[in-house]
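Written out below as structure tokens is the structure these notes cover.
Laboratory data are not the source of any read-out in this text; all were calculated from the coordinates shown. Since the structure is predicted, the reported quantities are computational estimates derived from the model, not experimental observations. Glycine also receives a Cβ, built like all others from the backbone with ideal geometry; neighbour counts cover every protein chain displayed.
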Amino acid sequence: MIINRRDDIKWGEVSGTYMYGTTVTCHSDQHVSILNPLVTSGVVLRSWSSNVDFQASRVQASLPLLKRNRDYQFSISMDCKPVGGVYIKISFFNRYGDIVEEKIEKTTEFNFSYPEDTYYYQISLLSAGFESMDFYSLSIKEIHCV
């Protein structure tokens with residue numbers, strides 16, 4: 001069975017969250033509230049990866065495997081104060097861990113292509129002057145070109 005979309009990528013474990021001075025609240029509907037008005041711009045708040053060493057971390061990869069040279073739509077459901085205070089960074093890596101390509105977006109929905117030489121990828125939330133954020137989920141779905 002081929003999975004063409006993944007709609008429900010949640011925050012996951014709090015251990016990967018930027019915690020210095022941050023107040024994190026996990027709600028019963030699995031959305032996460034973060035408050036930290038003093039965090040500097042450019043700090044990685046949270047990252048998800050499609051490549052995880054299960055033996056070391058005992059968690060499975062939170063991002064779906066993507067097909068090379070295909071187009072995908074990324075969307076994230078979050079409320080941020082101030083608006084535009086969080087950027088999304090997608091980094092594509094080759095099998096040696098070197099960066100093949102990086103893309104930083106300011107919008108909550110955008111399209112991207114999965115490069116040919118990519119072995120795995122990582123999605124990160126970057127601080128861009130945010131004070132608080134309610135994160136619900138993110139999704140990745142394949143764009144079908146006919």
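Listed by chain and number, the aspartates and glutamates placed with their C-alpha closer than 14 angstrom to that of residue 106 are 79; residues fewer than eight positions away on the same chain are left out. Ranked for footprinting exposure by Cβ neighbours inside 10 Å, fewest first, 70, 46 give 70, 46. Taking +1 at the Cβ of each Lys and Arg and -1 at the Cβ of each Asp and Glu, which of 133, 32, 93 sits farthest along the dipole of the chain towards its positive end, judged by Cα position relative to the Cα centre? Final value for the positive-end residue is 93. Counted without the sites themselves, the longest stretch of the chain free of GluC sites (Glu not before Pro) in a DSSP loop having at most 13 other beta carbon atoms within 10 Å is 14-115. The alpha-carbon of residue 103 sits under 15 angstrom from the alpha-carbons of these aspartates and glutamates, leaving out residues fewer than 8 places away in its chain: 71. Using the Cβ-Cβ distance between residue 27 and residue 143 with R0 set to 30 Å, the FRET efficiency works out to roughly 0.45.
Answer rounded, prolate or oblate for the chain, using the Cα gyration tensor with square roots of eigenvalues a ≥ b ≥ c: rounded when a/c is under 1.5, else prolate when a/b is larger than b/c, else oblate. Each step should come with its number before you reach the end.
Values: a/c = 1.61, a/b = 1.49, b/c = 1.08.
Cα axes put the chain in the prolate bin.
Sorting 49, 41 from the fewest to the most surrounding beta carbons within 10 angstrom yields 41, 49. Using the Karplus relation 6.51 cos²θ - 1.76 cosθ + 1.60 with θ = phi - 60°, the per-residue 3J(HN,Hα) values for the range 113-130 come to 10, 8, x, 4, 8, 7, 9, 8, 9, 9, 10, 10, 9, 10, 6, 10, x, 6 Hz, with x marking Gly and Pro. Across the chain, the relative contact order, built from alpha-carbon pairs under 8 Å that are at least six residues apart, equals 36 percent.
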